[in-house]
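Scroll down for the structure; my scribbles are underneath it.
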Amino acid sequence: MTADARTPDTAAGRAPERARLVLAALIPVAGVANLNLSVANVALPDIGRHFDSSQTTLDLIAVGYSLGLAASVYAPPRG
């Protein structure tokens, strides 16, 4: 099966030229994001003791931190 000039590489079963580069860039980024969440989770017991917080409040803090981190890396589509 051959692809003509109008068919993108992905439709012909081939990966784009920069696919490996994009994957190599995304793996460390995902690792850094997980590191940030780990640091926040380590700090939660101290936060709970300092503010005399319940476990539910600490869970909400963790969820809020995760949502804030996710929102900071989101890029809306252009168009």
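What does the extension gain come out to for residue 75 and residue 52, with contour length at 0.36 nm per residue minus their alpha carbon separation?
Between residue 75 and residue 52, full extension yields an extra 4.6 nm.
Stretching the chain fully between residue 63 and residue 42 yields a gain of 6.1 nm (0.36 nm per residue, less the alpha carbon separation). Between residue 35 and residue 20, the distance separating the two model label sites (each 7 Å from Cα on the Cα→Cβ line) works out to 2.5 nm.
FYI, it's all coordinate maths here, none of it is from the lab. Everything quoted here is computed from the prediction, not taken from an experiment. Cβ atoms come from the backbone with ideal geometry, glycine included; neighbour counts cover every protein chain shown.
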